[in-house]
Amino acid sequence: MQNKNKARFLAVAALLILGVTATSTVEANHPLTVSLNGQQLHSRFQVNGGEVYAPLLPLATELGYKVNWNRQSNSIEIVDGAASLVQRETAAARITKQQVADWIVQQGKKTGYYLYGLSFEMIDLDGDGIEEVVAAIDGGVHLGNYFIFKRDAAGNYQLIFESPWKVESLKLAEPHQVGDKLLYETVERTGGTGLSIEIVHLWYLEQGRIVEAWAGTVKEMNAMMPGEYSLAVAGYRIQDNVLYVWRTLSPLEDDAETVHGTVETTMTAFEFDGTVFKERK
């Protein structure tokens, strides 16, 4: 019954997107509050010129659906969560770890990969209905490799991205929509003796290649020199195509826990120029 309610509501939402004429009691340019089974939806509903609109991608995602945008055919496919999971599991069953390992050996930039630490996921990164292969090798404390393969017209998977990133999870969160781009987050972990660093990479797939829109350090524990220990932590938020990044630097005692001295917080804004984020002047 719940799935039927979701499907029915999504169909109504699709009509709203196409522009159903609102009643005369609804004022123009007035944001609406919409709830489903008593639960308020966070997607933005807008009345404009007597018609009601809602963004398709955030609304479908909020209702548990996946939206595939096929740029080649200029079409949109909406798949419910259960169907999407079955498709992913079926695709993953057709590709083996050994196949991915063979692709890495044949197409990779280097030799001697630590293939025992290999894992992979099937993910449709660009919404064309064809899943890419995202793979990673865990080679040690700060050692690793990250790969993305895309299927070509002949059905063969080609390596389109490789980087010496060590990542702890291949599970990608819901992408950030910036303009017409879907930005994914990958967290790289690196460092050395007395130094531990986490770097966020925001990237998207476009025309068969990976574009890195922004990269920044979100955690840096520096315990290399006694008397100079410090911890820097950062976070970010994307709002209206602007990336806001805040960073707090805390000097630490040699126990690497007790804060001493002045804690400093800064914030930087980056504007998306259609390709990458550039620092706002």
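Quick check for you: which residues of segment 226-244 have the amide N under 19 Å from the point 7 Å beyond the Cα of His260 toward its beta carbon?
Only 226-232 pass the distance filter.
Run the accessible area of segment 156-281 with a 1.4 Å probe and give the carbon-and-sulfur part as a rounded percent.
That share works out to 47 percent.
Simple spin-label model, 7 Å along Cα-to-Cβ: Asp102 to Asp180 in nm?
The two pseudo-label positions are separated by 3.7 nm.
Pop out the ³J(HN,Hα) list for segment 250-266 in order, Karplus 6.51 cos²θ - 1.76 cosθ + 1.60 with θ = phi - 60°, rounded to Hz; leave Gly and Pro as x.
Result, rounded to whole Hz: 10, x, 10, 5, 6, 7, 6, 10, 6, 7, 9, x, 9, 8, 10, 10, 10.
Relative to a virtual label point 7 Å from the Cα of Leu172 in the Cα→beta-carbon direction, which members of segment 187-227 show backbone nitrogen distances below 19 Å?
187-189, 199-216, by backbone N distance to the label point.
Please report the net charge: other residues with Cβ closer than 14 Å to the Cβ of Glu198, K and R +1, D and E -1.
Neighbour charge sum, excluding Glu198 itself: 0.
Excluding ligands, DNA and RNA, what is the solvent-accessible area per residue of segment 123-273 at a probe of 1.4 Å, expressed in Å²?
50
Checking a compactness column here: for segment 188-281, what do you get for Rg(Cα) / (2.2 N^0.38 Å), N being the number of residues?
Normalised Cα radius of gyration, segment 188-281: 1.29.
Rounded to the nearest 0.05, what FRET efficiency do Asp138 and Glu206 give with R0 = 30 Å and r taken as the Cβ-Cβ distance? Could you check?
In this case the efficiency is close to 0.60.
From the P(r) of segment 91-233, could you give the percentage of C-alpha pairs in the tail past 26 Å?
Beyond 26 Å sits 29 percent of the P(r) for segment 91-233.
Around His142, with a cut-off of 15 angstrom between Cβ atoms, what is the net charge of the other residues, counting Lys and Arg +1 and Asp and Glu -1?
-2
The values are calculated or read from the model by the stated rules, or taken from the named source; none is laboratory data. Since this is a predicted model, take the numbers as computed values, not measurements. Using ideal geometry, Cβ is built from the backbone for each residue, glycine included, and neighbour counts are taken over all protein chains shown. Side chains are part of the model used for accessible areas, which takes the heavy atoms of the whole protein and leaves out ligands, DNA and RNA. Shrake-Rupley method; radii C 1.70, N 1.55, O 1.52, S 1.80 Å.
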